[in-house]
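Quick notes on the structure that follows.
The values are calculated or read from the model by the stated rules, or taken from the named source; none is laboratory data. Model, not experiment: these values are computed from the prediction. Because the Cβ atoms are built from the backbone with ideal geometry, glycine has one as well, and the counts that use them run over all protein chains shown. Calculation scope for accessible area: heavy atoms of the full protein, side chains included, ligands and nucleic acids excluded. Shrake-Rupley method; radii C 1.70, N 1.55, O 1.52, S 1.80 Å.
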Amino acid sequence: LFHQSDNHLTLFNLNTLEFIEINRPDLFKKNKFIRLYASPKMLQISGEHFWAQLNDKYELIDIHYFPKEINNSAVFRDVQGNFWLNTFNQGLFLISKNSLNAQFFLKDEPILFIKKIKNDIYASIIGKGIYKFNPKKQKFDVFFPLKDYCYDMMLEDNNNYIIFANRSTFVKHKGGLTEYFRVGRGALFFKGNYWVRSISGLNVFTPEVEFKIFIKIPEPNVLEQFQGRLITGTTNGLYEVRQKGAKMIDSTFDYGVLSLRIFNNSLLIGTDGYGCFVWDGKNNFKQLEHTQFQIVQDINLDKGKILMATQKGVLVYDEKLHFVKTLRKNEGLLSDQINSVCTLQNKLFAASYNGISAININEESILPMQNIYVKEISYGKQKIDTAEAKIRYQKNRNLSVKFGVIDFSGQEEHTYYYRLRPLQNDWIKTTSQSINYSNLAPDAYHFDLKAVNPYQQELEKSYTIQILPLWWQTTVAKIGFFLVTASILFFIAFWLRKKELRKQKKELMAQKQMAEFELHALRSQMNPHFVFNSLNAIQYYINDKDFEHSESYLVKFSRLIRMIFDFSRKKTISLQEEINLLKSYLALEKMRFGEQFNYCFQIDERIDIKNYQIPTMLLQPIIENAVNHGVFHKKGAGKICVEITKILDKSIQISISDDGIGITKSKEINKHSLKKHLSQSTKILMNRIDLLNISGLWKISYNFIDLVGKNEKYSTVVRLKITKL
């Protein structure tokens, strides 16, 4: 049993019934979380940020301190010598046994930089000056006290050190201390002059510290001599500095530069949040792997190793610029926010605002990320055993995989990579711990997982997920479906081929019928009765010695015959040509009947009759029917009127009206005729119109109207509506 007060701890031994007091105000004062553990080989005592062992004399020995950033409440040491810290907000934290030998200097002091000059290490404490490491005493002693910011220091010669402070620049030598006016925050000796950095540019001084020139550059942070050129890193990129000024090296490389270091004829460039780049001195900038989004404050070289101080520990690379490891708090650093680094006798000195940590750089790092595992695999609402992930396919179901890692580095953010082979062969990056796939086809899938922690350590694992097909998704069923589908397609193709042949045959028949109907139309226009009557009329005029009328009749008749033969060779003729044909025909009939026959034409002025085309030999048979079967049988004078009206842009209506005996009476006369003659022109006309409609070039509708007994001007009207498609 124990009792804790402000300055000491009181123990009560139940075996000896005695009280033991341990007086350690540095450990117990204001510490609310003192814990006592009795392990098989030792008695352990721990609290906030410390652990110790109690010996047989109840003395605290082997005391270890831990960074305050871990924020632990209790510490336990296992049999392998590793420390396990119970934290308030970072889970279970592992401190490896390799970090037990870590040393801490100037603890809780804000260290601005640490630097190795020759074989000595110097550190700058904000507000206190420069301290020098004493290897014998294993401590830092005051080298240059100053209540100011000391940004940098350099060795001028064997005795003199130049120290760049916030308010002034100093030269420390054996003879004393020389103070100059304020000039800058760092310098480089290049081509016989001192090039001194300031906020607004570079001041150039002679070796005797005489001012020469000022070169304006936006906030130069660091200087380096590279390939015979003076290079400075600024807040917006790299510049080459010359006597006459500075020129930006590459406008595309406009990152803030914090550190520069020459390595194997290349220049390592540490940036403010964009990692580290390797530059060959030309225009080739290559970003080092695992440095993305890193703030590289300082770069140091040590026996083939490259050490980078970042906001997430110290990055270690080998001489081939391959990533080796990351050193962080669990390796013994006081903080992950490292400002600068240097080495001395295989020890890494890392400076932070919490002090200086010194650890063995050659020790193997323990892997704080112990395992990556799948928490749950579900298919729709069905959970699947990860050991034997076999599921039957279901339509529109999501495959969900939830996973996690066991990590004792502080449970920081991890980067995950996944892929589902054979669907995905390349790794896909994510920060989520849940992956979903929708409506996967039946197959054997391999789900690969990879986790990378902030230390760039990684683990991989693979799981097999088999989605079993339904009966109709099996290979046998697919072959059967294929055969059935192929058969159906074959019969459909066969049927379509037969249909196409029938269509072609039908089109040929239609063309044949069209030719026949056109021939019939020609014949109807060459009606033997009309020709016979015309010749009789000519003979009558000749016998009557009326040579004037006979010659006129003969001229009009021959002109009509020529027009019929000319138009019969065409598929279409203009409306003007059709009207001329009709007028020629009606003029002959007028000469034959005399005053007993009249005709008229009414043409819509909106119609361009010269250019509007209609099928040839379409209207004359209708006009002839009106003459022979309507007006001819009428007692007294008869009349035929042709009216053409525009309906739409491509549509006209043609009405052929006569005041003859009408359709019904005409049929009765033909029926009782001794010649048993029935005109076929109407039937031929109707069939020809149907074929024209089938051709897809025309849309023609027709209508025969009997107006006898309706007190109309005309007894019969034939109306056609013609539309050119």
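Results, tabulated for the structure shown:
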item	result
Failed condition for N13, given (1) modelled with pLDDT of 80 or more; (2) surrounded by fewer than 18 Cβ atoms within 10 Å (Cβ to Cβ); (3) of a type outside the set (G, A, S)	(1)
Residues that are touching a residue at least 12 places away in the same chain (Cβ under 8 Å), of a type in the set (D, E) and in a strand (DSSP E or B), drawn from region 135-152	D152
Qualifying strands (runs of 3 or more DSSP E) (wholly inside region 594-680; at least 2 residues being modelled with pLDDT of 85 or more and among the β-branched types (V, I, T))	638-648, 651-658
In region 436-477, residue most open to solvent (accessible area, probe 1.4 Å) [restricted to those that are β-branched (V, I, T) and touching a residue at least 40 places away in the same chain (Cβ under 8 Å)]	T464
Hey, S340 among the hydroxyl-bearing types (S, T, Y), part of a strand (DSSP E or B) and crowded, with 20+ Cβ neighbours inside 10 Å or not	yes
Number of the exception - D148 against (1) acidic (D, E); (2) closer than 17 Å to A351 by Cα; (3) open to solvent by less than 20 Å² (accessible area, probe 1.4 Å)	(2)
Residue list for region 60-86, filter: within 18 Å of F28 (Cα to Cα) and part of a loop (DSSP other than H, G, I, E, B)	F66, P67, N71
Candidates L230, L267 - the one that is touching a residue at least 40 places away in the same chain (Cβ under 8 Å), within 36 Å of the chain's Cα centre (by Cα) and closer than 25 Å to E156 by Cα	L267
From I126, I162, I111, I117, residue being within 30 Å of Y194 (Cα to Cα) and open to solvent by less than 10 Å² (accessible area, probe 1.4 Å)	I111
Residue within region 71-81 that is open to solvent by less than 20 Å² (accessible area, probe 1.4 Å) and aliphatic (A, V, I, L, M) present	yes
Matching option when the condition is exposed (fewer than 12 other Cβ atoms within 10 Å of the Cβ), at pLDDT below 90, in contact with a strand residue (DSSP E or B) (Cβ under 9 Å, 6 or more places away or on another chain) and farther than 25 Å from R592 by Cβ, among L707, L697, L692, L725	L725
Strands (runs of 3 or more DSSP E) lying entirely in region 158-273 (those with 1 or more residues that are modelled with pLDDT of 90 or more and of a type in the set (D, E))	222-226, 237-242
Residue list for region 87-125, filter: within 50 Å of the chain's Cα centre (by Cα), outside any strand (DSSP E or B) and more than 15 Å from S335 (Cβ to Cβ)	F88, N89, G91, S96, K97, N98, L100
Residues of region 629-646 classified as within 19 Å of I669 (Cβ to Cβ) and either without any contact (Cβ under 8 Å) to a residue 40 or more places away in the chain or buried (at least 21 other Cβ atoms within 10 Å of the Cβ) (or both), total	9
Criterion: over 27 Å from L92 (Cα atoms), among the polar types (S, T, N, Q) and within 23 Å of the chain's Cα centre (by Cα) - qualifying residue of Q433, Q424	Q424
Members of region 351-373 found to be touching a Lys or Arg at 6+ places or on another chain (Cβ under 9 Å), at pLDDT 90 or above and open to solvent by 40 Å² or more (accessible area, probe 1.4 Å), listed by number	N354
Given (1) basic (K, R); (2) farther than 19 Å from H290 by Cα; (3) at pLDDT 90 or above, number of the condition K450 does not satisfy	(2)
Residue list for region 217-236, filter: open to solvent by 60 Å² or more (accessible area, probe 1.4 Å) and over 18 Å from S251 (Cβ atoms)	Q225, Q227
Failed item in (1) over 30 Å from D272 (Cα atoms); (2) without any contact (Cβ under 8 Å) to a residue 60 or more places away in the chain, with I384 passing the rest	(2)
Conditions (1) outside any strand (DSSP E or B); (2) on the phi < 0 side of the Ramachandran plot; (3) out of contact with any Asp or Glu (no Cβ under 7 Å at 6 or more places or on another chain); number of the one not met by S335	(3)
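Okay, residues lined up against (1) surrounded by 15 or more Cβ atoms within 10 Å (Cβ to Cβ); (2) part of a loop (DSSP other than H, G, I, E, B); (3) without any contact (Cβ under 8 Å) to a residue 24 or more places away in the chain:
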{"residue": "F293", "(1), (2), (3)": "no, yes, yes"}
{"residue": "I299", "(1), (2), (3)": "yes, no, no"}
{"residue": "A309", "(1), (2), (3)": "yes, no, no"}
{"residue": "E319", "(1), (2), (3)": "no, yes, no"}
{"residue": "F349", "(1), (2), (3)": "yes, no, no"}
{"residue": "K375", "(1), (2), (3)": "no, no, no"}
{"residue": "K390", "(1), (2), (3)": "no, no, no"}
{"residue": "L399", "(1), (2), (3)": "yes, no, no"}
